[in-house]
Amino acid sequence: MELNDKGLGRDQLAYGRVLAVITHTGLAALVILFGVYVLGLLDPHVAHHRLPDLWKLPAGQFLEATGIAPGWGWTALLHRADILTLVGIAALAFASVPCLAAIMPIYWRARRMSLFVICALEIGVIVLAASGLVTGGH
Amino acid sequence: MHTPSRSRFLRLALFLGLTLALPDAFAADPAASTFAMPWWGWPIALFAVCFVLGIIAVPAGVGGGVLFVPIVGGFFPFHLDFVRGAGLLVALASALSAGPSLLSGGLASLRLALPLALVASASSILGAMIGFALPTQVVQVALGVTILGIVVLMASAKKSEYPSVPAPDALSAALGMNGILVEAGTGRQVPWHVHRTPQGLAVFFVIGILAGLFGLGAGWANLPALNLLMGAPLKVSAGTSSFILSLVDSSAAWVYVNKGAVLPMIAVPSVIGMMLGAKIGARLLTVLPAATIRKLVLGLLAFAGLRALLKGLGLWN
């Protein structure tokens, strides 16, 4: 694989470019959505004043007390400000997937099949974790 | 006689002590935490503490995640599940935002990172699941022991600018885990490669479990594994260590989201505070006395680790 004058390959540069766009967008979304939540511009699912009593509980009991389903159950409550903020968090947790997808064609064309497979497996691991299938989320 | 930098450092230490002590005073009695401080006081206190942690993390050469979990877990009234979830988010956001410049500047190696990150991100799911399966007290004790171990590791671990690697092993050669480091000052090109890749993969499997279990981030372990075990140059090890976290913490973070252990009111002020603090810390790098701050941070970590251990054992609640 060809390297530039800094010793960097096209794969590394492409990954960095995609990561920059997604991370900046995700962080901006996170800050804006949190602003909406904390300033009370949109009603939260869990009222602000209840939080000090609830954040002492284990996560499982917190979900029971607030009526939020585990796994992807939170997506049913996206009209609530606190739950909407999770979209920004999910964007950050998913940021690596498009970056990996962006470099897979480079490895395919360079016939670097081992790296192509590693990228595919890494995407599979993140998607598997996100699915909740192995983590008891559903 | 106090020099200006020493005076600034003392003020910083005083502010850090106050910001840590104040939430603890309110949280000492669970009932008091409900009535003594309004809900909005907690994210503000969290932001302030994380801002200071972000400032001192940079000159101390540690990641924010490893400071966040024991300190916030020990001195704030949040359940450890939410602290671990927020700790992962803090480490993830920091790693993601540093990633593009590390990659484009050649300070992180994508091909060195990918195989190690794959193993560690898979095992981080396992670590996160173990963390939710174990009783909180057990996780708390294990966290305390781990933090105290990290303090010993950080205080004693050596670093090597350019480790001697006579020849790459077959696996690293096959996966292209090599590169060229261009020194910023001289422009000198230093080719590098790594060895002991199977051992490195085994170590990263364990690192992934710890990262998922405690939400610590894992730069403290990645760096010596890459530099001392596998023989990557120090600068490449430091950058790649941070980049690996962006992949490892992604999969673990999803487990915490699925389990309902990511609370935006805790996670977001922590992320913002830590990232802003780290930017200030990077600018103050030449002003702050790095060696002294590193000692302060190690002392703080030892105290927080002891607190977690005693809290888990029911000796200091």
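The values are calculated or read from the model by the stated rules, or taken from the named source; none is laboratory data. All values reported here derive from a predicted model rather than from experimental measurement. Because the Cβ atoms are built from the backbone with ideal geometry, glycine has one as well, and the counts that use them run over all protein chains shown. Surface accessibility is based on the protein's heavy atoms, side chains included, excluding ligands, DNA and RNA. Shrake-Rupley method; radii C 1.70, N 1.55, O 1.52, S 1.80 Å.
A compact table of results
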quantity: Label-point gap, in nm, between A:Ala110 and A:Val36 - each point 7 angstrom along Cα→Cβ; calculated: 4.0 nm
quantity: Estimated buried accessible area (total), pair A and B, 1.4 Å, Å² to nearest 100; calculated: 5300 Å²
quantity: Listed residues A:Ile89, B:Leu171, A:Trp72: farthest to the positive end of the dipole of the protein assembly as shown (Cβ charges); calculated: B:Leu171
quantity: Taking the range B:4-312 and dividing mean pair separation by its residue count, relative contact order in percent (alpha carbons under 8 Å, at least six apart); calculated: 37 percent
quantity: Nearest-20 debye value, the range A:10-131 charge dipole, Cβ charges on Lys, Arg, Asp, Glu; calculated: 560 debye
quantity: Charge dipole magnitude, Cβ of K and R +1, D and E -1 - chain B, Cα centre, debye nearest 20; calculated: 600 debye
quantity: Residues along the range B:101-128 losing 40 Å² or more of accessible surface when the other protein chains are present rather than the chain by itself (probe 1.4 Å); calculated: B:Leu103, B:Ser104, B:Leu110, B:Arg111, B:Leu114, B:Leu118, B:Ile125
quantity: Heavy-atom accessible surface of the range B:169-265: percent carbon and sulfur, 1.4 Å; calculated: 69 percent
quantity: Within the accessible area of the range A:10-131 (1.4 Å probe), percent carbon and sulfur; calculated: 70 percent
quantity: Anchor B:Lys259: lysines whose Cα lies under 16 Å away (excluding residues fewer than 8 positions away in-chain); calculated: A:Lys56
quantity: Qualifying trypsin sites (Lys or Arg not before Pro) in the range B:175-245, DSSP loop, other Cβ atoms within 10 Å at most 14; calculated: B:Arg188
quantity: 0 to 90° range, to nearest 10: angle between helix B:64-75 axis and chain B longest Cα axis; calculated: 20 degrees
quantity: Between helix B:41-60 and chain B: long-axis angle, C-alpha atoms, 0 to 90°, nearest 10; calculated: 30 degrees
quantity: Per residue, in Å², the accessible surface of chain B once ligands and nucleic acids are set aside, probe 1.4 Å; calculated: 36 Å²
quantity: Unsatisfied cross-links (Cα-Cα over 22 Å) in the set A:Lys6/B:Lys159; A:Lys6/B:Lys235; B:Lys158/B:Lys311; calculated: A:Lys6/B:Lys159; B:Lys158/B:Lys311
quantity: Relative contact order, percent, the range A:10-131 [alpha-carbon distance under 8 Å, six or more residues apart]; calculated: 36 percent
quantity: Helix-derived mean residue ellipticity, 222 nm - over chain B, DSSP H n ≥ 4, -39500 (n - 2.57), to 500; calculated: -24500 deg cm²/dmol
quantity: At least 20 Å² of accessible area lost relative to the chain alone, listed for the range A:23-48 with a 1.4 Å probe; calculated: A:Thr23, A:Leu27, A:Leu30, A:Val31, A:Phe34, A:Tyr37, A:Val38, A:His48
quantity: Shielded by partner chains, the range B:153-180 residues - at least 40 Å² of accessible area, 1.4 Å probe, vs chain alone; calculated: B:Leu175, B:Ile180
quantity: Helix B:110-133 vs. chain B, principal-axis angle (Cα, 0 to 90°, nearest 10); calculated: 30 degrees
quantity: Stretch gain in nm, segment A:Ala28-A:Arg50, where the contour uses 0.36 nm per residue and the Cα spacing is subtracted; calculated: 5.2 nm
quantity: Simple Cβ-charge dipole of the protein assembly as shown, Lys/Arg +1 and Asp/Glu -1, about Cα centre, in debye nearest 20; calculated: 920 debye
